Structures are given as structure tokens and as C-alpha cells.
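The values are calculated or read from the model by the stated rules, or taken from the named source; none is laboratory data. Note that the coordinates shown come from a computational prediction; the quantities given were computed from them, not determined experimentally. Note: ideal-geometry Cβ built from the backbone for every residue, glycine included; neighbour counts use all protein chains shown.
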Amino acid sequence: MNNAFDNSSTGIGESEAYLDFQSKLSRVARIERPVLIVGERGTGKEISARRIHFLSERWQGPLIAVNCAALPQSLIESELFGYEKGAFTGAVQTRKGRFEEAEGGTLFLDEIGLIPLEVQEKILRVVEYGTYERVGSSLTHESDVRIVGATNADLPELCRKGLFKEDLLDRLSFEVLFLPPLRKREGDVMLLADFFASKMAFECGRDEKPAFSDEVVRKLESYSWPGNVRELKNVVERAVYRADGNLIETVDFNPFRNLFGDTFVDNDNREENNLPQEFKYELKDFSKAHEDLDISYISRALDASGGNQRIAASSLGLTYDQFRGLYRKYKNRLK
């Protein structure tokens with residue numbers, strides 16, 4: 001997989017924080033209850049959800065993943081619950097929803113905090129009573145599905161703002177697993193870097209395992225990794241494929257530097273005073289800063305690609321679907 005974690009990387013890690021997370025995950029996987037996975041972007045929430053599924057009694061059933069950030073809010077209900085023919089314009093035939101597709105298995109709802117309140121009400125009914133109706137139908141369907149949700153949002157705060165139902169949060173949070181960011185996983189950076197480097201070397205047709213110079217090791221271990229494991233994977237794979245030999249002596253944290261100048265923060269220039277003014281926020285404004293950074297990356301990638309979204313997605317290390325989801329989310333704010 002070029003733009004997603006390799007599933008085998010989920011077992012790599014020796015830090016206390018990571019081993020504690022995996023221990024809690026393994027323990028709850030076998031219990032037939034909803035689970036919430038909370039973590040920053042790029043930490044591997046979907047892979048963790050897959051591990052929960054395959055360690056559970058439902059491992060032979062389907063695992064259906066829904067990225068709620070990639071769906072227009074007006075379509076989330078029909079996507080989850082399906083619809084009857086004629087339910088709305090364009091509904092030319094009856095369609096199953098994701099709950100129905102996940103019957104007997106696990107439904108993974110990524111970015112669950114983005115689900116509209118009216119759809120949250122229907123999910124609450126499924127969790128409480130195991131029933132739902134397709135859009136445009138009064139026929140009740142029974143559901144045998146385990147829900148695993150994931151988010152990087154503060155769901156209790158969303159509840160206080162009236163954006164997330166407290167009853168649903170109560171039902172979904174039988175167990176809440178906090179996936180540690182890479183910067184909190186002491187000692188795991190080079191374990192993962194070696195793994196990703198070996199995989200990339202094999203893909204490039206090289207016979208020997210790559211090695212990192214002391215300077216590169218220093219940079220990898222001192223970097224803050226705001227994009228977490230996903231960013232580490234991209235950085236290491238890029239370094240391996242660019243290297244002429246098996247010794248990795250340079251590493252590039254900012255592939256956009258030559259396109260846009262030294263605008264983005266890199267490992268050697270992280271002081272607050274060197275940040276562009278648009279990125280200077282108080283800690284309480286972290287979510288806004290995160291959104292603005294996403295928008296800046298998307299805008300610049302689109303400019304560099306001449307508006308070609310597939311090329312822009314590739315330049316950011318995203319799948320086309322991931323890029324489209326972010327584009328739809330921020331399109332009214334793009335320059």
C-alpha cells in the first residue's frame with residue numbers, strides 16, 4: 001500500500017505507552033461492546049480498529065469502514081442506513097447501507113464527531129435497540145453489528161456545545177482507548193523507521209537492508225512528528241528511494257520547500273518566532289490551527305498541480321478519496 005500503513009506495522013513498538021495501548025486493545029477486543037479510539041491524525045486509528053475486529057469473536061464476519069470526513073453530511077444517513085428506491089432524487093434503486101453490510105461483524109466509524117445530530121439519533125437507536133429503518137422506508141431492520149468509533153476531536157466538549165449527543169457518547173464509550181502520538185512513544189521511531197526502510201528497499205528492488213547515518217538518526221529521533229506514523233512512513237520511504245546506496249545520509253521533512261520556499265516548519269527550524277503569522281495560535285486554538293494548516297497544504301498542492309486533484313493528493317501522500325474528503329470539507333475556505 002503506497003498511501004496507507006502496512007497492517008504488519010501495528011505490532012511494532014516497545015515503548016511503555018504503546019504496549020499499554022495494545023494491552024488494553026487486546027483486552028477489550030473480545031468483549032462485545034462499542035469502543036472509541038481517540039488519537040491524533042496519522043497515529044493508526046483505523047489499523048487499531050482492524051486489530052480489534054480480528055481479535056474479536058466477529059473476526060470471520062465483515063469489517064466495514066466508513067470515513068465520515070469524506071462524506072457530505074447530507075449523505076451520511078443514507079450511506080449508513082441505506083435507502084429505498086424513490087426515497088430522494090437519484091435513488092433509482094434500493095441500496096443497502098453500511099450497517100446492513102456489516103451484519104454479524106464490525107462497523108468502523110472514523111471521524112465519528114462529524115456525524116450530524118439527526119444521524120446520531122438513529123445510531124443511538126441501533127446501539128440501544130438493535131433496529132433501524134432505511135431512508136424512505138418504515139420497515140424496521142434488526143442489526144447485529146459492533147461499532148468501533150475513532151476521532152481526534154474532544155467529544156465531551158462537542159457534547160457541551162450541543163454538537164454530539166451525550167446519550168450516544170455514553171453508549172459508545174464502554175471503553176475509550178487513547179492511541180499515543182509518536183512523540184510519546186520513546187524508542188519506537190527507529191524501530192518503525194527500520195521497518196518502513198526495509199519495505200521500501202524491497203519495493204525498489206534492492207537486496208540489502210538500508211542503514212541510517214548517525215545524523216539522520218538524530219534528526220528522526222528529535223523531530224516532533226506532527227503527522228505521526230503516517231508522516232514517518234512517508235519521510236523514510238522518500239529518503240530510501242532518493243538514496244543512491246544503502247546508507248541513508250539525508251532526510252527531507254518538507255518536500256514542499258523547493259516549490260513554495262521555506263514556509264513550513266521543519267525539524268531544524270521549529271521555534272515559534274520562525275512560524276508564519278497565520279500559524280501562531282494560543283493552545284486553545286489548536287483545532288483552528290490544525291484546520292488552517294490542512295487548508296494551506298491543500299491550497300498549495302492544488303496550485304502546484306494546476307488544479308489536478310489526483311496529482312495534488314499524490315504530492316501530499318494521500319489517496320484520492322482522502323484528498324476529496326478534505327477538499328469537500330474545506331472547499332469554501334480554499335484560496
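Which ones in the stretch 21-46 are closer than 11 Å to residue 179 by Cα and of a type in the set (A, V, I, L, M, F, W, C)?
If the condition is that a residue be closer than 11 Å to residue 179 by Cα and of a type in the set (A, V, I, L, M, F, W, C), then 21, 25, 36, 37, 38 are the ones that fit.
Keeping to the stretch 33-71, report how many residues are among the hydrophobic types (A, V, I, L, M, F, W, C), part of a strand (DSSP E or B) and under 22 Å from residue 116 (Cα atoms).
7
Checking residue 85 against (1) modelled with pLDDT of 95 or more; (2) assigned to a loop (DSSP other than H, G, I, E, B); (3) out of contact with any Asp or Glu (no Cβ under 9 Å at 6 or more places or on another chain), which test does it fail?
Failing condition for residue 85: (1).
Assess whether residue 79 counts as being out of contact with any Ser or Thr (no Cβ under 7 Å at 6 or more places or on another chain), free of Cβ contacts under 8 Å to residues at least 40 places away in the same chain, under 28 Å from residue 159 (Cα atoms) and not in a loop (DSSP other than H, G, I, E, B).
Spelling it out, residue 79 is indeed out of contact with any Ser or Thr (no Cβ under 7 Å at 6 or more places or on another chain), free of Cβ contacts under 8 Å to residues at least 40 places away in the same chain, under 28 Å from residue 159 (Cα atoms) and not in a loop (DSSP other than H, G, I, E, B).
Which residue out of 217, 176 is surrounded by fewer than 17 Cβ atoms within 10 Å (Cβ to Cβ), modelled with pLDDT of 95 or more and assigned by TED's automatic domain parsing to the domain that holds residue 152? Reasoning before the result, please.
Numbers: 217 fails: assigned by TED's automatic domain parsing to the domain that holds residue 152.
Criteria check complete, one pass: 176.
What's the total number of residues in the stretch 86-97 that are surrounded by fewer than 20 Cβ atoms within 10 Å (Cβ to Cβ) and in contact (Cβ under 8 Å) with a residue 12 or more places away in the chain? Steps first, please.
As a first pass, look at the stretch 86-97 and keep what is surrounded by fewer than 20 Cβ atoms within 10 Å (Cβ to Cβ): 86-96.
Next cut, in contact (Cβ under 8 Å) with a residue 12 or more places away in the chain only: 86-88, 91, 94-96.
The qualifying residues number 7.
Do we find that residue 209 is assigned to a helix (DSSP H, G or I), out of contact with any Pro (no Cβ under 6 Å at 6 or more places or on another chain) and touching a residue at least 12 places away in the same chain (Cβ under 8 Å) in this structure?
no
Take the residues in the stretch 314-335 that are of a type outside the set (Val, Ile, Thr) and part of a loop (DSSP other than H, G, I, E, B); name whichever of them is nearest to the chain's Cα centre (by Cα).
318
Listed residues 183, 171; which is in a helix (DSSP H, G or I) and in contact (Cβ under 8 Å) with a residue 60 or more places away in the chain?
Of the residues listed, the single one that is in a helix (DSSP H, G or I) and in contact (Cβ under 8 Å) with a residue 60 or more places away in the chain is 171.
Sort out which residues of the stretch 138-162 are of a type in the set (Ser, Thr, Tyr) and surrounded by fewer than 16 Cβ atoms within 10 Å (Cβ to Cβ), and write them in order of number.
Scanning the stretch 138-162 gives 138, 140.
How many residues are surrounded by 19 or more Cβ atoms within 10 Å (Cβ to Cβ), of a type outside the set (Val, Ile, Thr) and touching an Asp or Glu at 6+ places or on another chain (Cβ under 6 Å) when one looks only at the stretch 47-69?
Final tally of qualifying residues: 1.
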